[in-house]
Amino acid sequence: MLQISLLVLWCLDTAERSPATIAAAALSLLNSVVFCVLSYAEHGRNLRPSAVLGTYLFFSLLFDIVRVRTLWLIGEDTPLARLFTTSVVLKTGILILEAKEKREYLNDYDRKRGPEELSSIFSQGVFYWLNQLILTGYRKVLLIEDLYPLDAKLTGETLQAKFEKVWDKCE
């Protein structure tokens, strides 16, 4: 709804409009619809937050912040600047929600997975998911029970079965 309002305001405001402004606003409207569909599909199929959507939101927010600054500098207090600022604030909230871990919504089996398997691209990028383990290691000597569970693909049984298949093919 916000993108439709922005499109209408861009169409009505001729002073701050360039030749590509209406096309960009129309593409932004289409983009928000596609984003909603992709977000729904990603959350239904993946355990971790979407890396593609998170990256897209992050970079589009960077560019939108620059556009908001420019709109406020061009026309001091216009409805277009207010609405675009609201759009950026809403997009920031969506980014925060998209990057949030989904552990509380998972079934019991998936809840037991390690934090690396369920963390967002931002948490993986700065190794934020390791903070709890580092804090535990600072407070006491780490035990096996303190470590995160391994991914099922990395367990000894799985790797041994793969190794035996390859070994049997070589003979």
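None of the figures in this text is laboratory data; all of them are computed from the coordinates on show. Model, not experiment: these values are computed from the prediction. All Cβ positions, even for glycine, are placed from backbone atoms using ideal geometry, and neighbour counts span all protein chains on display.
Points to keep in mind about this one:
- In plain terms, the residue of Arg17, Arg48 with the fewest other Cβ atoms within 10 Å comes first and the most crowded comes last, giving Arg17, Arg48.
- Among Ile74, Ile65, Ile144, the largest mean-square fluctuation in a Gaussian network model of the chain (Cα springs under 10 Å) belongs to Ile144.
- Check: the chain dipole with +1 on Lys, Arg Cβ and -1 on Asp, Glu Cβ, in debye: 100
- Qualifying chymotrypsin sites (Phe, Trp or Tyr not before Pro) in region 1-93, where qualification requires a DSSP coil assignment and no more than 11 other C-beta atoms within 10 Å, are lacking entirely.
- Take the Cα of Leu38, step 7 Å toward its Cβ, do the same at Ser18, and the gap between the two points is 2.3 nm.
- Relative intensity of the chain on a log10 scale, I(q)/I(0) at q = 0.09, 0.13 Å⁻¹, equals -0.51, -0.80, per a Debye sum over C-alpha point scatterers of equal strength in the absence of solvent.
- Lysine pair number, Cα distance threshold 22 Å (strictly under), the chain, separation 8 or more or different chains: 9
- Pair Leu73, Thr158: separation of 7 Å Cα→Cβ label points (nm): 5.1
- The residues Ser119, Ser5, when put in order of fewest to most other Cβ atoms within 10 Å, stand as Ser5, Ser119.
- Farthest positive-ward along the chain dipole, Cα basis, beta-carbon charges - from Leu47, Ala161, Ile4: Ile4
- Working from label points 7 Å from Cα in the Cα-to-Cβ sense, the Leu150 to Thr86 distance is 5.4 nm.
- With eigenvalues of the C-alpha gyration tensor scaled by 5 and rooted, region 72-171, Å: 45, 20, 13
- Order of Leu97, Leu61 under a 10 Å beta carbon neighbour criterion, fewest first: Leu97, Leu61
- The angle between the Cα long axis of helix 51-74 and the longest principal axis of the Cα atoms of the chain comes to about 30 degrees, rounded to the nearest 10.
- Residues Asp168 and Asp110, FRET efficiency given R0 of 25 Å [Cβ-Cβ distance, rounded to 0.05]: 0.15
- Helix-only CD estimate at 222 nm, as mean residue ellipticity for the chain, using -39500 (n - 2.57) per DSSP H run (n ≥ 4): -22000 deg cm²/dmol
- Values of log10 I(q)/I(0), in the order q = 0.13 Å⁻¹, for region 111-170 under a Debye, Cα-only, solvent-free model: -0.51
- Acute angle (nearest 10 degrees) that the helix 21-45 long axis makes with the longest principal axis of the chain, alpha-carbon atoms: 20
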